[in-house]
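Encoded as structure tokens, the structure appears first; notes follow it.
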């Protein structure tokens with residue numbers, strides 16, 4: 001199954017994550033989160049498949065998250081409302097998200113990428 005990576009191309013962490021995947025022999029379909037955020041339906045599928053709590057998908061250190069005062073508002077929103085909010089603005093989504101229909105990673109930690117996406121070939 002193809003691998004999709006939702007990222008922001010100017011984000012250093014996203015670029016490091018992309019390099020890591022390529023070292024592992026994975027050429028993901030890279031989608032700019034800011035220009036084309038995933039739909040609510042796609043996000044729901046990814047979130048459900050990940051097994052992670054919904055809050056892990058929010059970019060809690062981002063400007064938009066802070067401007068909207070979401071720290072205090074999210075707990076009063078339904079899951080569907082939170083997912084719709086994420087789908088409405090890619091800047092709210094923690095990046096990168098990598099998804100292949102089965103496996104999901106949110107954010108980038110090389111150790112996790114090794115476990116989920118494979119160790120890759122030695123340099």
Q.
Could you work out how much longer the chain between residue 45 and residue 31 gets when fully extended? Use 0.36 nm per residue separation minus the Cα distance between them, nm to one decimal.
A. 3.4 nm
Q: Would you mind giving the three semi-axes, in whole Å and largest first, of the ellipsoid equivalent to segment 4-116 according to its Cα gyration tensor?
A: 23, 15, 12
**Q.** Spin-label model distance (nm) - residue 71 vs residue 102, 7 Å beyond Cα toward Cβ
**A.** 4.0
**Q.** Separation of alpha-carbon centers, segment 62-118 and segment 19-38, rounded to whole Å
**A.** 15
Q) So how far apart, in nm, are the two label points at residue 15 and residue 64 if each is 7 Å from Cα heading toward Cβ? A) 2.2
Q | Selected from 107, 51, 90 as most flexible by GNM, with the chain as the system and alpha-carbon contacts under 10 Å | A | 51
Q | Relative contact order of segment 4-116, defined on C-alpha pairs under 8 angstrom at six or more residues apart (%) | A | 36
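No lab work stands behind these numbers, since they all come straight from the coordinates. In this text the structure is predicted, and so the values were computed from the model without any measurement. Note that each Cβ is placed from the backbone with ideal geometry, even for glycine, and that neighbours are counted across all protein chains shown.
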